[in-house]
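I have placed the structure first, in the form of structure tokens, so that the comments after it can refer back to it.
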Amino acid sequence: GCCTWLNGVYWLDIIKVLPNKELLIANHREPGQAKVEPVKMGIESDLVYPLVRGRNIQRWQVQPSLSVVYPHTSETGWRPINEQTMKTRYPKTYDYLSRFRSRLLQRSGYEQLRPGQPFYILGNTNAANLSPWKVVWAGQVAPTFNAGVIGHEPGRHVALADQTAYYIACDSREEALYLCAILNSAPVRCYYRSVVYKHAATNFFSLIDIPAFQAKAHTDFVRLAEDAHIAADHDNGDAQLAIEAEIDEAAAKLWGITDDELKAIQDALKEM
């Protein structure tokens, strides 16, 4: 996900919603982060998105706890919105960011990777960040693999992943649910545990044969993933376990894994 190089500026707590599509925000500062000036002010809501960190992701459940100011669009890609547009369309957001201009220009990522670009540019930015449907999982210091789906809700911005979360952008809700079911299956989670140490990488996917989504062929995975998300949201552990057992069986059938092999995988996963 996106990298700010100075979280205390970009990470926000929303205090309340103001008239005219504005938000009263305060920059979120956590212990261990670089110290920045505390600021509370109103800004436009257009460039403020829910933020998903690795700690916000459980299996079948994603609950953003903060927001992030993201001065990029799908059209601008890795480059941010230019300063003239920021000044005219989002003057309060520009004013907020300008309060930290000197600190933002001193960011290591800016000095090394983005010199000459607007001072508020972020890292790890592309059009996929704003995809309406994504499958996300914790990407740093994550000894176990747990994935969930984040998607578009009418009237709200889609959630963005930060650098402690990895994601795959999907073309539809159904494709995201299918992929999430596959990734949360016992064979994939066991494989992940066997090859990943401390800092997860995405290259382990290259050795997993995941068929391209086909709406008619993969309806069972979509239904089961949807049910699993509902069970997790309602904290129904028994229902979730039963659904996951069905997903494991469907994944085993997909990859030609025998019943005995699946049981061995499930038993190994419990011991890891």
Got a number for residues in region 35-58 being open to solvent by less than 60 Å² (accessible area, probe 1.4 Å) and part of a loop (DSSP other than H, G, I, E, B)?
6
Of everything in region 232-272 that's charged (D, E, K, R) and within 27 Å of the chain's Cα centre (by Cα), which residue is farthest from Trp60 (Cα to Cα)?
Lys270
Which condition number in (1) among the aliphatic types (A, V, I, L, M); (2) more than 24 Å from Glu111 (Cα to Cα); (3) assigned to a loop (DSSP other than H, G, I, E, B) is the one that Ile25 fails?
(3)
Filtering region 13-34 down to residues that are open to solvent by less than 20 Å² (accessible area, probe 1.4 Å) and touching a Ser or Thr at 6+ places or on another chain (Cβ under 9 Å) yields Leu23, Ile25
If you check Ile150 against the conditions, is it surrounded by 18 or more Cβ atoms within 10 Å (Cβ to Cβ) and closer than 19 Å to Ser45 by Cβ?
yes
Could you say whether any residue in region 107-116 is in contact with a helix residue (DSSP H, G or I) (Cβ under 8 Å, 6 or more places away or on another chain) and at pLDDT 95 or above?
no
Quick one: would you say Ala225 is under 24 Å from the mean Cα position of the chain (by Cα) and open to solvent by less than 80 Å² (accessible area, probe 1.4 Å)?
yes
With respect to Val158, determine if the residue is of a type in the set (Val, Ile, Thr), crowded, with 22+ Cβ neighbours inside 10 Å and closer than 30 Å to Ala181 by Cβ.
no
Selection status of Lys16, part of a strand (DSSP E or B) and at pLDDT 95 or above
yes
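Looking at region 59-75 only, could you name the residues that are open to solvent by 10 Å² or more (accessible area, probe 1.4 Å) and either touching a helix residue (DSSP H, G or I) at 6+ places or on another chain (Cβ under 9 Å) or of a type in the set (A, V, I, L, M) (or both)?
Arg59, Gln61, Val62, Gln63, Pro64, Ser65, Leu66, Thr73, Ser74, Glu75
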Hey, Leu254 open to solvent by 50 Å² or more (accessible area, probe 1.4 Å), in contact (Cβ under 8 Å) with a residue 24 or more places away in the chain and in a helix (DSSP H, G or I) or not
yes
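Each row is one residue, and each column tells you yes or no for (1) among the small types (Gly, Ala, Ser); (2) farther than 21 Å from Gln58 by Cβ.
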position	(1), (2)
Ala128	yes, yes
Ala138	yes, no
Ala147	yes, no
Ile168	no, no
Close pairs from region 84-101: first closer than 14 Å to Pro38 by Cα and in contact (Cβ under 8 Å) with a residue 40 or more places away in the chain, partner assigned to a helix (DSSP H, G or I) and among the β-branched types (Val, Ile, Thr), Cβ under 9 Å, at least 6 apart
Tyr96/Val9; Leu97/Val9; Arg99/Val9; Phe100/Val9
Exactly one of Asn236, Asn203 is open to solvent by 30 Å² or more (accessible area, probe 1.4 Å), modelled with pLDDT under 95 and not small (Gly, Ala, Ser), and that residue is Asn203
Being in contact with a Gly (Cβ under 8 Å, 6 or more places away or on another chain) and open to solvent by 20 Å² or more (accessible area, probe 1.4 Å) is true for just one of Arg114, Arg99, Arg79, Arg103. Which residue is that?
Arg114
Of those in region 74-124 that are more than 26 Å from the chain's Cα centre (by Cα) and among the polar types (S, T, N, Q), the residue farthest from Ile43 (Cα to Cα) is Gln106
Would you pick out the residues in region 84-102 that are farther than 20 Å from Asn20 by Cβ and of a type outside the set (Phe, Trp, Tyr)?
Gln84, Ser98, Arg99, Arg101, Ser102
Within region 239-250, can one find any residue that is surrounded by 19 or more Cβ atoms within 10 Å (Cβ to Cβ), closer than 20 Å to Gly151 by Cα, in contact with a Pro (Cβ under 9 Å, 6 or more places away or on another chain) and modelled with pLDDT of 95 or more?
no
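The values are calculated or read from the model by the stated rules, or taken from the named source; none is laboratory data. As the structure is a prediction and not an experimental result, all values here were calculated from the model. Every residue, glycine among them, receives a Cβ derived from its backbone with ideal geometry; neighbour counts consider all protein chains shown. Accessible surface is based on the protein model in full, side chains and every heavy atom, while ligands, DNA and RNA are left aside. Shrake-Rupley method; radii C 1.70, N 1.55, O 1.52, S 1.80 Å.
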